[in-house]
Amino acid sequence: MNDLLEKKFFPYVIKPGRYAGGEIGQIVKNPDGKLNYLHAFPDKYELGESYLGLQTIYHIINRDDRFLCERVFAVDTDAEEVMRHKNIPLFSLESRRPAKEFDVIGFTLTYELIYTNVLAMLELADIPLYAQDRTNEHPLIFAGGPAVYNPEPMADFFDLFFIGDAEEGLPEMLGIIYGMPHSSREEKLKEICRKVESVYIPSFYDKDRKPLFDFVPDKIIPRVEKELKPDYYPKQPILPLIDTVHRHLSVEIMRGCPQGCRFCQAGPIYRPVRLRSSQDILTQVETQLNNTGHEEVTLLSLSSSDYPQIDTLAATIATRLEKQKVSISLPSLRPGSISPQLLKAAKMVRRAGLTISPEAGTERLRSFIRKDFSDSAIYETARIAFENGWTTIKLYFMVGLPTETEEDLYGIVNIIRNIYNIGQKYPGRKTINITLSPFIPKPHTPFQWDEILPPEMVLDKIRFIKNRAANNHINFKYPLTESSLLQGLLGRGGRKMNDVIITAYKKGCRFDGWNENFDFQKWSDAFQENNIDINDLQKPIPFDAPLPWSFIHKGISIEHLKKERHRTSVQLKEYSSHFKSETTQQSNDYGIAYGRSRKKINLRSTISPLKNRVRIRWGKNAPFRYMGHLDNMRLIERALRRARLPIAYSEGFSPKMKLSFGPPLPLGFTSETELVDLTFSTTFMPYLIEKLKKSLPAGIDIYESKIILSKSQSLSSALNRVRYLLPVNNFPTTTDLMNNIEKVLKASSLEVERIGKKETTKVEIRNAIYDLYIEDNNLNMVLGIGEGGYARPSELLPLIFGEGFNRYLLFTVHRCELYRVNENNEKISAMDL
């Protein structure tokens, strides 16, 4: 399988690093004698590996000696095409085994627009899409996550849904399966149903969701872990080798939200509020940073500023991390809950993004949706942020909320304008980024019965706001209104949605949450072909109509939600004087100095210059060849932080390590001559390199280091030659290669097509080919870079191998030397420049 992937898959996909595995923190176990569990995230790697729940589950399952847990993500459309063409099955990242060989596959369903990805993954794994068609030879297919609080739209495709917190429940289920190695899949499911709460097994119910067996519950109570135990969180998180959506260390500080907003599904499904102790949080931050080297820590919860000791916690973490130049950030903050002390901690190293969530444009509508804060609280929060040096603020609003009027839309416009005007009172250019999200009625909320507005009406509301708040420094972002409609239709759907989803899948729908992939026409056709009228589904749901998710009881009854919705409809709360800013007005007590601040001058000894600039030659072997240049840079930066080396940083609001890297290495190549210049804040000592070596993963090696005394030119501009090696020992004869090499060297002109980001151009590369020869069963290619011209191995090898060229060859190239040839034709090593 591994040889198949290396030769037939990785060379032909756009981002092979998504599927290669090998990250720091990856756990590889011998599968023999263990229950093999595959955790599946049905979206791109960049999103899935940023999801905190995946890291938690991966750690919890793998710490149990009875189990092993590996990962798989949805493959992008280019990779799916390759896999179908080459007959390559879906495989895990850790062992690269086919997914079909695992005992259990568990999917995390975060939201509705990934449902077709689930089907694609099952089909690529050669597993029947419908649960009823699977035999004892197939893995059990589980699902969990936020979207399973209405499991009915996907009920035909899963053997089991686990509703609620899975930290204890998933190991319980796997333990039962582990103890029943020779039992049928139905016997295993029955035993789980008898012994594990919060489990929904669709095949154990009739079409009206009535239990078929005495031991099957008629209602499902979601699992709630009363305590967020420290051992739920890994000491060594998985550290991605490629860029992901979130590059920070996420640390959960609280689960659940105390606010109870009427539109929000996360509030009811994560209740009750559970706090982690400050000491547990501090310990986790310190341990995980030592093992990852992140430059930012995010204190994560649904409403982080509502954590009772958030000011003290943030200040303590920021103070401890200041010397390491690691900053802290918080997700969306509630207006009126942000203090100057909190922002002071957040800006101690660098200012991360700041998001304020007014949600609605008027106090009347905010009161209606239970966002009980005033306009003045919003403005005071913005003022505190600007006063503390923030130049960019993000505002989050919803459009299309129940009872929304034109006055509420004007309210959004006024808030945007007023916050922009507040920012103009402080020095520096200000940018306001606005996110406008269509309201989607969600199950288990008081608004679950409300109308889903037509996409064109929502878009009109968005345009209304944009046209009236237009400004060169105000940016708007919003999703496709049709995708929001689809999310609402699927989220409130019943079993009939199974047919719609599989029809849309067969039409080619994938990654519907990504604008570039979303095709609403295909979905419209899928609804129509299954005789379902979208317009009917958008209408309000009568209070007496059965709800597909009503058998899931999450603390608050349907009757209570009806009363809550009825109360908001007939009696809207009026604005009253209890809306007051929670932050005391202060004039200029924050030590803000207007105008340009004094330039910081680093005092240095005048006796002798600091020997603090060091050049390192390092390399990487096969497991790391799917990392791009920016990925390499992040890897080195994180290793430097893990080693706690005294690296110098730039000045300013966003300090960066003083590093200078050599020429980028093409994707797929290995190397022994990567270069980086480090600037230390103290005199360099050799033991620092030894510390750095210990912090690097196996397969990343440091070969030599050297102090640079002079202020030399940049590496990229100083170098003009590179030598690559390509093994040719597997070729039956080198005669044809030698002949083709001779033709290339004798040619006066070699024109090739070079594919750029925007266009393809024809370029001349002959002047950048300096030598080609075979030595020790390796093809040596000496090519130009920088002022020596530029030729790529990917452009040269097809000329040498002709019809025998295969893209796999590019994934066996090794960069072995970078140097300069001066005007006297003298060769100067990169380490001597």
Per the helix-only calculation at 222 nm, which mean residue ellipticity applies to the chain, given -39500 (n - 2.57) for every DSSP H run of n ≥ 4 and division by its residues, nearest 500 deg cm²/dmol?
-9000 deg cm²/dmol
How charged is the neighbourhood of Asn291? Take every other residue with its Cβ under 13 Å from the Cβ of Asn291, and add Lys/Arg as +1 and Asp/Glu as -1.
+4
The chain accessible area per residue, 1.4 Å probe, protein heavy atoms, integer Å², reads 45
The rounded separation in angstrom of the Cα centers of the stretch 671-729 and the stretch 22-86 is 33
For the stretch 115-124, in order, what is each residue's ³J(HN,Hα) by Karplus, 6.51 cos²θ - 1.76 cosθ + 1.60 with θ = phi - 60°, in whole Hz (x at glycine and Pro)?
4, 5, 5, 4, 5, 4, 5, 5, 5, 5
Quote the charge dipole size of the stretch 349-452 about the Cα centre in Debye, to the nearest 20; the model charges only the Cβ of Lys and Arg (+1) and of Asp and Glu (-1).
720
Any chance you could check the Cα centroid distance between the stretch 762-832 and the stretch 232-259 for me, in angstrom?
42
Can you give the convex hull volume per residue for the Cα atoms of the stretch 296-413, as a whole number of Å³?
95
May I ask you to rank Arg617, Arg370 by accessible area, largest first, using a 1.4 Å probe over the protein chains only?
Arg370, Arg617
Ignoring ligands and nucleic acids, Lys691 exposes an accessible area, probe 1.4 Å, in Å² to the nearest 10, of 80
Quick test of your reading: applying the under-4.7 Å Cβ rule, which cysteines of the chain are isolated?
Cys69, Cys193, Cys257, Cys509, Cys816
Placed amide H near Leu160: partners under 5 Å, 5+ positions off or other chain:
Ile141, Ala143
Going by amide H atoms built from the backbone, whose H comes under 5 Å of the H on Arg721, apart from near neighbours?
Ile785, Tyr819, Val821
State to the nearest 20 debye the size of the charge dipole of the stretch 460-508 about its Cα centre, where the only charges are +1 on K and R beta carbons and -1 on D and E beta carbons.
40
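Note down the net charge around Glu672, summing +1 for each Lys or Arg and -1 for each Asp or Glu among other residues with Cβ under 13 Å from its Cβ. Write out the running numbers ahead of the final one.
Details: positive: Arg617, Lys620, Arg625, Arg723, Arg815; negative: Glu674, Asp701, Glu704, Glu817.
Computed value for this residue: +1.
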Pop out the ³J(HN,Hα) list for the stretch 247-252 in order, Karplus 6.51 cos²θ - 1.76 cosθ + 1.60 with θ = phi - 60°, rounded to Hz; leave Gly and Pro as x.
9, 9, 8, 8, 10, 6
Row for the stretch 111-220, column shape: gyration tensor on C-alpha, a ≥ b ≥ c, rounded if a/c < 1.5 i.e. under 1.5, prolate if a/b over b/c, else oblate; value rounded
Two-site FRET efficiency, Lys466 against Lys425, from Cβ-Cβ distance with R₀ of 35 Å, rounded to 0.05
0.90
Summing +1 for each Lys or Arg and -1 for each Asp or Glu, what net charge is found among the other residues whose Cβ lies under 14 Å from the Cβ of Gly21?
+2
Structure-derived volume of the Cα convex hull per residue in Å³ - corresponding label in (i) 194; (ii) 182; (iii) 155
(i)
Roughly what would the spin-label model give for His553 and Leu282, points 7 Å off Cα along C-beta, in nm?
4.3
Measure off 7 Å from each Cα along the Cα-to-Cβ vector at Asn535 and Phe805, then give the distance between these two points in nanometres to one decimal.
5.7
Mind listing the long-range amide H neighbours of Thr403? Cut-off is under 5 Å, sequence gap 5 or more, other chains count too, H placed in the peptide plane at 1.01 Å from N.
none
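Can you compute the charge dipole magnitude of the chain about its Cα centre, using +1 on each Lys and Arg Cβ and -1 on each Asp and Glu Cβ, nothing else charged? Give it in debye, rounded to the nearest 20.
For this selection, approximately 3180 debye.
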Added length on full extension, which subtracts the Cα-Cα distance from 0.36 nm per residue, His566 to Val28
188.3 nm
For the stretch 325-385 and the stretch 89-127, distance of Cα centres in Å:
39
For Asn621 and Thr312 in the same chain, what is the full-extension length gain: residue separation times 0.36 nm, less their Cα-Cα distance, in nm?
106.8 nm
Would you mind telling me the share, in percent, of accessible area of the chain contributed by carbon and sulfur at probe 1.4 angstrom?
48
Quick calc: nm separation of the 7 Å Cα→Cβ label points for Asp243 and Thr77 -> 2.1
Across the stretch 514-527, in residue order, what do the Karplus-derived ³J(HN,Hα) couplings come to in whole Hz, using 6.51 cos²θ - 1.76 cosθ + 1.60 with θ = phi - 60° and x for Gly and Pro?
9, 3, 5, 9, 6, 9, 5, 4, 5, 5, 4, 5, 5, 4
Using 0.36 nm per residue, how much length does the chain from Asn777 to Lys694 gain when fully extended, once their Cα-Cα distance is taken away?
26.5 nm
On a straight-distance basis, which lysines could pair with Lys371 in a cross-link, Cα separation under 25 angstrom, same-chain partners fewer than 8 positions away excluded?
Lys394, Lys442, Lys461, Lys466, Lys477, Lys554, Lys562, Lys563, Lys573, Lys580
Along the dipole axis of the stretch 28-150 (charges at Cβ: +1 for Lys and Arg, -1 for Asp and Glu; origin at the Cα centre), the most positive-end residue among Pro128, Asn150, Gly106 is Gly106
Dipole of the chain, positive direction: furthest Cα of Leu189, Pro217, Phe368, with charges on the beta-carbon:
Phe368
Sorted largest first, the C-alpha extents of the stretch 419-548 along its principal axes in whole angstrom are 58, 37, 22
By how many degrees, 0 to 90 and rounded to 10, does the Cα axis of helix 77-86 deviate from the longest principal axis of the chain?
70
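The values are calculated or read from the model by the stated rules, or taken from the named source; none is laboratory data. Bear in mind that the values here come from a model prediction, so they are computed numbers and not experimental data. Backbone-built Cβ (ideal geometry, glycine too); neighbour counts: all protein chains shown. Keep in mind that these areas ignore ligands, DNA and RNA; they rest on the heavy atoms of the full protein, side chains included. Shrake-Rupley method; radii C 1.70, N 1.55, O 1.52, S 1.80 Å.
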